[in-house]
Each structure stands twice: as C-alpha cells, then as structure tokens.
Amino acid sequence: MNYLITGGAGFIGHHLANRLVAQGHHVRVLDDLSAGDPSLLNEQVLFTRGDVRDQPKLWTLLHNIDCVYHLAAKVSLPQSVLYPRDYNDVNVGGTVCLMEAMRAVGVKRVVLASSGTIYGDQKRQPVDEDVVPELLTPYAVSKFASEHYMFTLGIHYGIETVALRIFNAYGPGQALPPAYPPVVPQVMNQVLNGGTVVVFGSGRQTRDYVYIDDVVDALIEAGHREGIDRQVINVGSGTETSVLELVEAIGEVTGRTPHVLRNEEQSGGVRRLVADLEKAQRLLNYEPQVSLKEGLARTLALDVRFSRMRPSLRADVPSTP
Ligand SMILES: NC(=O)c1ccc[n+]([C@@H]2O[C@H](COP(=O)([O-])OP(=O)(O)OC[C@H]3O[C@@H](n4cnc5c(N)ncnc54)[C@H](O)[C@@H]3O)[C@@H](O)[C@H]2O)c1
C-alpha cells in the first residue's frame, strides 16, 4: 500500500513510517520540521519538507495514496493556552486543508491522531468514547474540532475517516524540547542527571502511559480495517499510573534514586485519566503488549540520549584528566 504521513518526522510519525516500510509498504512523509527530525526516518521513506496547509504540495504528495495518517500538529497543552490562534491555524486548518486536497486528488481514507486529553477531568474512569468531552485547553478543542471537520467532510467527499484518541504515548526518540517537554523523557532525563523532579500537589494525579509500539499497532490496524468509518477509538495502555508511581518506576529502571521536590497543586489539572479499551479491542483487535516497566526499560536501552547516561555505562568511561 501507499501511505502519506503528515507530521511523519515527529515522535509517533517516524515510528509509524519505519514500521510500514519494514512491512514492505511505500511511505511518503510531509513535515515542516517545526518539531520533527527526518534523520530518524528509514532511508526508504520519501521525505518532503513542507506545511500541511500547502495545497499544491499536498496534491503532488497525495497522488496514488491509499491512506493518509494525519499526525501533523502542534502538541503542547500549556503552549496552546498562550497561542490558541496558532493551534487553531495548524491543527484545525491543517485538517481542513488536508480533507480538501484529498477530495481534489480522490484519496479515500484518512486516520487522524486525536487525543485522550479531549476527555478532560471525568469522574468515571476508565473513560470510554461515549462520554461527553470536557475541553480544557485550546489543544483539546483543536483535536475535537479536527475530528468533527474530518467526519463531516468525509461524508460529503466520500472519504473513510477514523480518529484514534491516543493517550500519553512515550518511547525512544520522543523529543525533549526545553519548553513544554513531555513528561516521560523529561523525568527520565532529570533522574539520570541527578536533577530534581518537581511533583505538583499530592502526586496522585493519574495518566495512561502507552508505549509507542502499541500505538503503532493500533494506527496500522486503523489504516486498513473494514467497517470503522467515522469511529473514534481510544488507544492507551488501560493502566492508570500516578505521577509518583511513574517517577518511582523510572527510578527503578534507571537504578537511580529520584530527588523529588513537592510544589503547590496547579489549578485546573486533570485528576485521573485512563482509557477504556473495549472498543479498540472490538474494532481493531487491539491489545497493548508492553507494560510500563518494560516500556521504560526499552526507552532507556534504545534511546541513545538515555543509554549514554546509564550509570553502568558511565562507570566504564574513563574520566578525562
Ligand atoms: N505523543 C502523544 O502522547 C500524543 C497523544 C495524543 C495525540 N497525539 C497526536 O499525535 C500526533 C503526533 O504527535 P507526536 O507526539 O509525534 O508529536 P511531534 O511534535 O513529535 O510530531 C508532530 C509533527 O508534526 C510536525 N508539524 C507541526 N506543524 C506542522 C505543519 N504545519 N505542517 C507539517 N508538519 C507539521 C512537527 O514538525 C512534528 O514532526 C499529533 O497530532 C499529536 O497531537 C500525540
């Protein structure tokens, strides 16, 4: 099959692209490199630098494509509060542009990387796809709007559409930007460097951390399964992990004792979030394979930034006189 991945040089995108290529598929990637790194892509992936809102570029790249994975987006929740217009332009505008271009070229299927953050702070956990979303950030609004634009335009244009609501994905190759870093690589970096991990409030706030290989399994199934048109499907681990449990697990895996600093609770935070996976199991035959400890151990071993810092490896390196 021929695939186009928008945002395919990013964390999830490069893992997906490399797996599809390993399975013998043809993969094109469109990414503006505002966050991605094309050096992570297998050399068989056809990489094009560009913006997902560039229609002429999309017309060229969509030629002969069987399925698009739409991952290009701005991805930080706190940043989206500061720059909502950018999030609306890129995330919502990008989705609308892609759908228009798909209509023009006649591409018939798209899978959107939506987000579990759409659910907000729900009393009842785990959350299934039928609960009424609580949109707490412009990022969440942009993902929910993208889902609806995609479904609505899909009906008008005869395009099959699927939205995967991915929870907290982590794994090797996840970027660690200085501003708004994702939690797993940030804590791993701090613990390995002997730095301080700041935990807000009780540390009992929970999230659903899902290893990248499981996310890629779900994306690949969603790309070719029949009978899932206009479905939203959760993709998580189904396991609820508190911040303190995450820090402890990273301590165990790295063999370091984390230095934790408690800070005041941030207002408006989500207290609990864990995915109900019944629909993913039913429609995608999805069954997460990698536990948190295993996923963290693989991240440590496979991500060169972290494997370089492992204590056992550092001890072997003679100190410079
Ligand atoms: N990582 C997670 O935990 C998670 C959870 C839920 C949903 N998602 C969604 O999955 C997708 C991929 O996330 P990720 O974690 O890999 O983030 P990422 O930032 O690594 O990947 C996003 C990619 O999109 C690219 N991009 C941004 N704006 C673009 C534009 N205008 N045109 C073309 N490319 C553009 C970036 O350069 C980057 O490579 C995103 O849509 C994100 O919202 C991620």
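The values are calculated or read from the model by the stated rules, or taken from the named source; none is laboratory data. Because the structure is predicted, anything quoted here is derived from the model rather than measured. Neighbour counts run over all protein chains shown; Cβ positions are idealised from the backbone, glycine included. When the accessible area is computed, the model is the full protein with side chains, heavy atoms only, and any ligands, DNA or RNA have been set aside. Shrake-Rupley method; radii C 1.70, N 1.55, O 1.52, S 1.80 Å.
Tabulated data
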{"read-out": "Whichever residue in segment 209-248 is of a type in the set (D, E, K, R) and not in a loop (DSSP other than H, G, I, E, B) and, among such residues, is least open to solvent (accessible area, probe 1.4 Å)", "value": "Asp214"}
{"read-out": "Failed condition for Val184, given (1) open to solvent by less than 20 Å² (accessible area, probe 1.4 Å); (2) under 22 Å from Val92 (Cα atoms); (3) not aromatic (Phe, Trp, Tyr)", "value": "(2)"}
{"read-out": "Any hit, segment 196-219, residues being away from the ligand (no atom under 15 Å from the Cβ) and of a type in the set (Lys, Arg)", "value": "yes"}
{"read-out": "Residue satisfying condition, being of a type outside the set (S, T, N, Q), under 18 Å from Val232 (Cα atoms) and buried (at least 19 other Cβ atoms within 10 Å of the Cβ), within set Gly94, Gly120, Gly116", "value": "Gly116"}
{"read-out": "Flag for Gly251 being open to solvent by less than 50 Å² (accessible area, probe 1.4 Å), in contact (Cβ under 8 Å) with a residue 40 or more places away in the chain and not in a strand (DSSP E or B)", "value": "yes"}
{"read-out": "Residue count for segment 63-86, restricted to those that are open to solvent by less than 50 Å² (accessible area, probe 1.4 Å), under 19 Å from Met99 (Cβ atoms) and either within 14 Å of the ligand (Cβ to nearest atom) or part of a strand (DSSP E or B) (or both)", "value": "7"}
{"read-out": "Every residue from segment 10-62 that is charged (D, E, K, R) and open to solvent by less than 30 Å² (accessible area, probe 1.4 Å)", "value": "Asp31"}
{"read-out": "Residue under evaluation Gln125, criteria (1) open to solvent by 10 Å² or more (accessible area, probe 1.4 Å); (2) more than 27 Å from Val183 (Cβ to Cβ); (3) touching a residue at least 60 places away in the same chain (Cβ under 8 Å), criterion not met", "value": "(2)"}
{"read-out": "Test: residue in segment 128-143 that is surrounded by fewer than 17 Cβ atoms within 10 Å (Cβ to Cβ), away from the ligand (no atom under 16 Å from the Cβ) and of a type outside the set (Asp, Glu)", "value": "yes"}
{"read-out": "Index of the failed condition, Asp89 passing every other in (1) touching a residue at least 40 places away in the same chain (Cβ under 8 Å); (2) within 17 Å of Tyr149 (Cα to Cα); (3) open to solvent by less than 80 Å² (accessible area, probe 1.4 Å)", "value": "(1)"}
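Per-residue answers, yes or no, for (1) modelled with pLDDT under 95; (2) β-branched (Val, Ile, Thr); (3) part of a loop (DSSP other than H, G, I, E, B); (4) open to solvent by 80 Å² or more (accessible area, probe 1.4 Å):
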{"position": "Gly269", "(1), (2), (3), (4)": "yes, no, yes, no"}
{"position": "Ala280", "(1), (2), (3), (4)": "no, no, no, no"}
{"position": "Tyr286", "(1), (2), (3), (4)": "no, no, yes, no"}
{"position": "Gln289", "(1), (2), (3), (4)": "no, no, yes, yes"}
{"position": "Lys293", "(1), (2), (3), (4)": "no, no, no, yes"}
